[in-house]
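A quick write-up on the structure given underneath.
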Amino acid sequence: MIVTLMKRVSTPANRFAAYLIVTVLAGVPFFGLLTVWGSTLVGHYAVLRLWDDVLLLVLLGIVCWWLLKDRELLTWFTHSLLVRLIFAYAALSLLLGFIALTKGEVTGKALAYGLLVNLRFLVWFLAVLLTARRAPFLRQYWPRLLLVPAAVVVVFAVLQFAVLPHNFLSHFGYNAATTIAPIETINHNARYIRVQSTLRGANPLGAYLVIILSALGVLFLYGRRKLVCLTFGIVALAALFASGSRSAWIGTALSFFTIAWLRLETFRGRVLLGAVGLAVVILALGGYLLLKNNVSLQNEILHTQPHSAVTITSNGAHANATENGIKDVINQPLGDGPGTAGPASIYNGKHPARIAENYYVQVAQETGWIGMALFLSIIVLVAIELYEQSSASRLALIMFAGFIGVAFVNLLSHAWADDTLAYVWWGFAAIALAALPEHKDAS
C-alpha cells in the first residue's frame, strides 16, 4: 500500500487542505466555462486559467509543512519508490528545461507552461494522497464529489447538442480567436458538430466522460441505485457520442471491458467475455466495410468525407503529427526540454509548435527516452496499486478501469495536459489509494 503512515487527527490545517481539494475537484469540470465567463467580468483570461494551480500551490505549502513536522512521514516520503521516481522525473525535466532555455531553444513562457502541465498532476497526486489520509470524509463522500458535477456537465452537453443554438456559449465570452470556440465541427462541416459542454474542448469532454462512465459502470454492478446509474449512464453515453471523440469512445469500451473482466473471476467467464469482445470488433470491421461510403458514417465516425472543405482531414493531421513526433524522438533521444513540444510549444516564440497528438510521444520529445521510461514507470506503479486494491475498493476499481481507457486516449491526444482530466483522475486515484483498511467498503 502506498500510504501506511499518517496521523488521522482532525486539525484546522487538515480540514482546510481537504476543502481545497473539494474546491478543485468540484470546480475543474466547469473549467472552460468558469475561466471564459470570468474573463468577461474581470478580464485577465490567462491569469484566471491558473486558479486551480494556485489552489494546488497553497495545498503544496500545507503538505510541505506536514512533512517538516512529522519525521516519520518524511522518512516514508523519502523512501517511497514512487516518490523517488516522480522527483527524478521532475529533476530531469528541470535540467533539460534549463539547458534548452540557455541554448535559446525555448522561451521562458513556454518552459514555465510546459513544466506546469507536465508536473502538476504528479504533485497534485502526492498532495491529495497525503491529505486524504488525514481527512477521511474525502473517501466517504467521493461518489457525490465525482458524480454531482458530472451530472451538470453531461446534461448541458446533451442540451448543447440537441436543443441549444450552436453559438450559445458565445454569450458567455466564448470566441475561437481569443478564448475557446463555442462549438467544434468535424472537418469544418457545420452540419456535424462536436460539443464540449463546460470543458475546454470536445476531446477533453470525451476523456472526462471515460472516468464518469467507468464510475457509473462500477456503481451499477456493485451499488444499490441501479436505475439511477443506468439512466445517468445512458445520458452520459449520449454526451460521449455528441463529443465526437473517437478515442474516448474506444477508451470507454476498454474501460467497460476491464470492469467486466475483473468482475468475472472464472476462466470460462473471461473466455466468453473475450469471445464477445472479438465478435464486437469483427462486427465493427464488417460494418465499416459495408457502410464506408455512407456520408454520415464518413463524417460522424470516420471523419473522412471525400468532399470535405479541408484538404487534410483530422485523420491525416493526426497521423502526420504523430509520425513527425516519433521522428523527433529518434533524432533527439535525450529530449529537447519541456515547452518544446505539446500544447506549451504554442508559446515557444519563433520556434514552430510541435503537437504530436500523442502524450507519450510528447513526453519523449521533451524529456527523451529516459524521461519516457520514468514517466511510464510512474503511471504503471500507480495502476498496479489501484489494481491491487480494486477487489476491496469501488473507487480503486473505477480509477483502474478509467486508467485503461484514458491511457488509450493519450495515445491520440494530449489528455493529461488538460486541467479537468489531470486533476480529476489523479485526485480520485490518490483518494482511492489513501483508503484505510477499515474503510474499504466506503471507498
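The values are calculated or read from the model by the stated rules, or taken from the named source; none is laboratory data. Since this is a predicted model, take the numbers as computed values, not measurements. Cβ atoms come from the backbone with ideal geometry, glycine included; neighbour counts cover every protein chain shown.
Does the stretch 42-55 include one or more residues that are closer than 30 Å to Ala373 by Cβ and assigned to a helix (DSSP H, G or I)?
Taking the stretch 42-55 and keeping what is closer than 30 Å to Ala373 by Cβ, we get 52-53.
Add one more test, that the residue is assigned to a helix (DSSP H, G or I), and what stays is 52-53.
Yes, the stretch 42-55 has at least one match.
Quick one: would you say Phe125 is touching a Gly at 6+ places or on another chain (Cβ under 9 Å) and closer than 27 Å to Thr23 by Cα? So that I can check it myself, show each step before the final result.
On the way: touching a Gly at 6+ places or on another chain (Cβ under 9 Å): yes; closer than 27 Å to Thr23 by Cα: yes.
Here the answer is yes, as Phe125 does meet what is asked.
Cβ-Cβ under 6 Å, sequence separation 6+ or interchain: first residue in the stretch 200-217 and closer than 16 Å to Phe257 by Cβ and in contact (Cβ under 8 Å) with a residue 12 or more places away in the chain, partner crowded, with 24+ Cβ neighbours inside 10 Å and of a type in the set (Ser, Thr, Tyr). Which pairs?
So the pair list comes out as Val210/Thr252; Val210/Ser255; Leu213/Thr252; Ser214/Ser255.
What number goes with the only condition from (1) at pLDDT 95 or above; (2) outside any helix (DSSP H, G or I) that Leu96 does not pass?
Only one criterion is unmet by Leu96, namely (2).
Quick one: is Gly371 assigned to a helix (DSSP H, G or I) and over 28 Å from Asp336 (Cβ atoms)? Reasoning before the result, please.
Numbers: assigned to a helix (DSSP H, G or I): yes; over 28 Å from Asp336 (Cβ atoms): no.
Against the criterion (assigned to a helix (DSSP H, G or I) and over 28 Å from Asp336 (Cβ atoms)), Gly371 does not qualify.
Considering only the stretch 99-137, how many residues are in a helix (DSSP H, G or I), without any contact (Cβ under 8 Å) to a residue 60 or more places away in the chain and of a type outside the set (Ser, Thr, Tyr)? Spell out the reasoning first.
Here is the first cut: in the stretch 99-137, the residues in a helix (DSSP H, G or I) are 99-102, 108-134, 137.
Still in the list and also without any contact (Cβ under 8 Å) to a residue 60 or more places away in the chain: 102, 108, 119.
If we keep only those that are of a type outside the set (Ser, Thr, Tyr) as well, we get 108, 119.
Count: 2.
Among (1) within 22 Å of Asp52 (Cα to Cα); (2) assigned to a helix (DSSP H, G or I), which single condition is Ser170 missing?
(1)
Are any residues in the stretch 328-342 in contact with a helix residue (DSSP H, G or I) (Cβ under 6 Å, 6 or more places away or on another chain) and surrounded by fewer than 16 Cβ atoms within 10 Å (Cβ to Cβ), and if so, which ones?
Across the stretch 328-342, the qualifying residues are Pro333, Leu334.
Check whether at least one residue in the stretch 192-212 is more than 20 Å from the chain's Cα centre (by Cα), assigned to a strand (DSSP E or B) and hydrophobic (A, V, I, L, M, F, W, C), and report yes or no. Spell out how you get there, then give the answer.
Initially, the stretch 192-212 is screened for residues more than 20 Å from the chain's Cα centre (by Cα), giving 192-193.
Filter once more, so that each one left must be assigned to a strand (DSSP E or B): 192-193.
From what's left, hydrophobic (A, V, I, L, M, F, W, C): 193.
Yes; the residues of the stretch 192-212 include at least one that is more than 20 Å from the chain's Cα centre (by Cα), assigned to a strand (DSSP E or B) and hydrophobic (A, V, I, L, M, F, W, C).
Would you please list the contacts, defined by Cβ atoms under 9 Å and residues six or more apart or on different chains, that run from a residue in the stretch 11-29 that is over 14 Å from Leu130 (Cα atoms) to a residue that is at pLDDT 95 or above and of a type in the set (Lys, Arg)?
none
Confirm whether Ser247 is under 21 Å from the mean Cα position of the chain (by Cα), of a type in the set (Gly, Ala, Ser) and closer than 22 Å to Pro143 by Cα.
Against the criterion (under 21 Å from the mean Cα position of the chain (by Cα), of a type in the set (Gly, Ala, Ser) and closer than 22 Å to Pro143 by Cα), Ser247 does not qualify.
The rows are residues; the columns are (1) modelled with pLDDT under 90; (2) touching a helix residue (DSSP H, G or I) at 6+ places or on another chain (Cβ under 7 Å); (3) part of a helix (DSSP H, G or I); (4) under 14 Å from Asp419 (Cα atoms).
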{"residue": "Met1", "(1), (2), (3), (4)": "yes, no, no, no"}
{"residue": "Thr23", "(1), (2), (3), (4)": "no, yes, yes, yes"}
{"residue": "Val28", "(1), (2), (3), (4)": "no, yes, yes, yes"}
{"residue": "Gly38", "(1), (2), (3), (4)": "no, yes, yes, no"}
{"residue": "Leu57", "(1), (2), (3), (4)": "no, no, yes, no"}
{"residue": "Thr78", "(1), (2), (3), (4)": "yes, no, yes, no"}
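For the stretch 330-342, which positions are assigned to a helix (DSSP H, G or I) and either among the polar types (S, T, N, Q) or closer than 19 Å to Ala417 by Cα (or both)? Break it down into steps so the answer makes sense when it comes.
Restricting attention to the stretch 330-342, the residues satisfying the condition of being assigned to a helix (DSSP H, G or I) are 330-331.
Hit for the stretch 330-342 is Asn331, nothing else.
Based on this model, can you work out whether Ala434 counts as surrounded by fewer than 23 Cβ atoms within 10 Å (Cβ to Cβ) and among the small types (Gly, Ala, Ser)? Don't jump to the end; show me each part of the working.
Numbers: surrounded by fewer than 23 Cβ atoms within 10 Å (Cβ to Cβ): no; among the small types (Gly, Ala, Ser): yes.
It is false that Ala434 is surrounded by fewer than 23 Cβ atoms within 10 Å (Cβ to Cβ) and among the small types (Gly, Ala, Ser).
Scan (1) farther than 27 Å from Glu184 by Cα; (2) in contact with a helix residue (DSSP H, G or I) (Cβ under 7 Å, 6 or more places away or on another chain) for the single condition Arg84 breaks and write down its number.
Every condition holds for Arg84 apart from (2).
Based on this model, can you work out whether Ser80 counts as within 21 Å of Val382 (Cβ to Cβ) and touching a Pro at 6+ places or on another chain (Cβ under 7 Å)? Break it down stepwise before answering.
On the way: within 21 Å of Val382 (Cβ to Cβ): yes; touching a Pro at 6+ places or on another chain (Cβ under 7 Å): no.
No.
Among the numbered criteria (1) over 16 Å from the mean Cα position of the chain (by Cα); (2) over 14 Å from Ala239 (Cα atoms), which one does Val154 miss?
The one condition Val154 does not meet is (2).
Looking at the stretch 226-259 only, could you name the residues that are among the polar types (S, T, N, Q) and out of contact with any strand residue (DSSP E or B) (no Cβ under 7 Å at 6 or more places or on another chain)? Steps first, answer last, please.
Filtering the stretch 226-259 for residues among the polar types (S, T, N, Q) gives 231, 243, 245, 247, 252, 255, 258.
The answer is Thr231, Ser245, Ser247, Thr252, Ser255, Thr258.
Looking at the stretch 343-358, which of its residues are buried (at least 21 other Cβ atoms within 10 Å of the Cβ) and in a helix (DSSP H, G or I)?
Ala344, Ser345 - these are the residues of the stretch 343-358 that are buried (at least 21 other Cβ atoms within 10 Å of the Cβ) and in a helix (DSSP H, G or I).
Among the residues of the stretch 359-374 satisfying the criterion of being surrounded by 24 or more Cβ atoms within 10 Å (Cβ to Cβ) and not small (Gly, Ala, Ser), which is farthest from Ala90 (Cα to Cα)?
Selected residue: Val361.
For the stretch 218-250, name all the residues that are among the small types (Gly, Ala, Ser), in contact with a Phe, Trp or Tyr (Cβ under 8 Å, 6 or more places away or on another chain) and modelled with pLDDT under 95.
Ala242, Gly244, Ser247
Out of the residues in the stretch 405-421 that are in a helix (DSSP H, G or I) and crowded, with 23+ Cβ neighbours inside 10 Å, which is nearest to the chain's Cα centre (by Cα)? Please lay out each step first, then the result.
Residues of the stretch 405-421 in a helix (DSSP H, G or I): 405-409, 415-417, 419-421.
Restricting the remaining residues to those that are crowded, with 23+ Cβ neighbours inside 10 Å gives 405-406, 409, 415-416, 419-421.
Numbers: Gly405: 10, Val406: 7, Val409: 9, Ala415: 5, Trp416: 5, Asp419: 8, Thr420: 6, Leu421: 3 Å.
Taking the candidates together, the pick is Leu421.
Taking the conditions exactly as written (within 25 Å of Gly27 (Cβ to Cβ) and loosely packed, with under 15 Cβ neighbours inside 10 Å), does Val228 satisfy them or not? Please lay out each step first, then the result.
On the way: within 25 Å of Gly27 (Cβ to Cβ): yes; loosely packed, with under 15 Cβ neighbours inside 10 Å: yes.
When the stated conditions are applied, Val228 passes them.
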